[in-house]
Amino acid sequence: MSQIQQGMAMLIGAFHKYSGKEGDKTTLSKGELKELLTNELGDILGKSTDQAALDKIFKDLDANKDGTVDFQEYITLVACITMLCNEFFNKKK
């Protein structure tokens with residue numbers, strides 16, 4: 001597999017590692033999202049225990065307002081964080 005294909009497989013795997021622990025296997029609950037963010041993105045986002053910040057992230061991600069984060073909403077978050085990281089590292093050059 002190419003590097004991009006490996007990255008895609010890793011993103012899919014990470015989502016499904018956390019989805020379905022508290023219900024629907026195709027979405028993330030607020031608790032599942034918190035666990036994913038802490039375990040998978042904690043080095044970038046920090047180990048936040050701020051419930052208000054988590055609530056805001058969840059509300060902003062839940063574009064269709066169904067009370068869960070689906071795969072498309074999750075990928076939007078990952079894409080935004082990836083773009084911010086790219087900007088940060090390009091400024092360091």
Tabulated pairs, region 59-87, first over 15 Å from Leu28 (Cβ atoms), second open to solvent by less than 70 Å² (accessible area, probe 1.4 Å), C-beta under 7 angstrom, 6+ apart or interchain: Ile81/Leu41
Count of region 47-87 residues which are of a type in the set (S, T, N, Q), within 22 Å of Lys17 (Cβ to Cβ) and modelled with pLDDT of 85 or more: 4
Listing of helices (runs of 4 or more DSSP H) fully contained in the chain that carry 1 or more residues being open to solvent by 40 Å² or more (accessible area, probe 1.4 Å) and among the acidic types (Asp, Glu): 30-45, 51-61, 71-91
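The values are calculated or read from the model by the stated rules, or taken from the named source; none is laboratory data. Source: prediction; values computed, not measured. A quick note on method: Cβ atoms are made from the backbone with ideal geometry, for glycine too, and the neighbour counts reach across all protein chains shown. Side chains included, ligands, DNA and RNA excluded: accessible areas come from the protein's heavy atoms. Shrake-Rupley method; radii C 1.70, N 1.55, O 1.52, S 1.80 Å.
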